[in-house]
Ligand SMILES: [Zn+2]
């Protein structure tokens, strides 16, 4: 059976002026003779939908506990299943209660980190604060002092790690949990791995420098000799608001001055 693709003759409109090969239409005239659907049909619908929806929001009110990227993914899948199926709540009371205790405990220490962030804000520094907790006690505190000390390494986490190491008389901070209001940067994530801190709890993710799962995950890099547990999102809104309020004021004062 003959192929159903027409071999010609091509419609007259398909041949352009001066086309050296009369059997082939020029691209322009072919377009006119065989018009394609509007360009809009070829755009990625996903991209357009995403653009219309604005910046991506992570809809996860509870903090996430995970030891690696795969656990994080599984947690998100389970979270989505639980939030879309009311029956799944049955039988989950024990886990729910444990998470509630953890969350309250995390919030308690995160409030201490927020208090540190406010100290930074009071002296015109970007409001980021951190505390290090060992056996139910704060052994290190720090807030951002980059501007006042003219030191690019004077981040809240680094200052808290130094204080905790002095308190423990050891560089190794095993058994410690670090609470910080903003996701640690690559330098601080490196210091956290070096100090062997067990768990890092952070509030807001940092899309510009976050190296605990946002831009990369240095705390759970398989090739390093130490990995941390990460808890994300404890008092996220409060800490994010602290930062956005600071930068809003800064912009307004620059406009005014
Ligand atoms: Zn940092």
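Derivation of every value follows stated rules applied to the coordinates shown; laboratory data play no part. Quick caveat: nothing in here was measured; it's all calculated off a predicted structure. Quick reminder, even Gly has a Cβ in these numbers, built from the backbone with ideal geometry, and neighbours come from all protein chains shown.
Between residue 169 and residue 118, the distance separating the two model label sites (each 7 Å from Cα on the Cα→Cβ line) works out to 3.5 nm. Each of 246, 224 was scored by other Cβ atoms within 10 Å of its Cβ. Arranged with the fewest first, they read 224, 246.
Each of residue 148 and residue 241 was given a label point 7 Å from its Cα along the Cα-to-Cβ line. The distance between the two points is 2.5 nm. Fewest neighbouring Cβ atoms within 10 Å first, the residues 250, 218, 150 line up as 150, 250, 218.
Each residue in 104, 181 was given a count of other beta-carbon atoms within 10 angstrom of its own, and listing them fewest first yields 104, 181. In region 125-256 the Cα-Cα distances spread across 10 Å bins starting at 0 as 13, 44, 32, 8, 2, 0 percent of all pairs.
With the simple spin-label model, which puts each label point 7 Å out from Cα in the Cβ direction, the residue 248 to residue 105 separation comes to 3.5 nm. Relative to its Kirkwood radius, the Cα radius of gyration of region 174-219 gives an Rg/Rh of 0.93.
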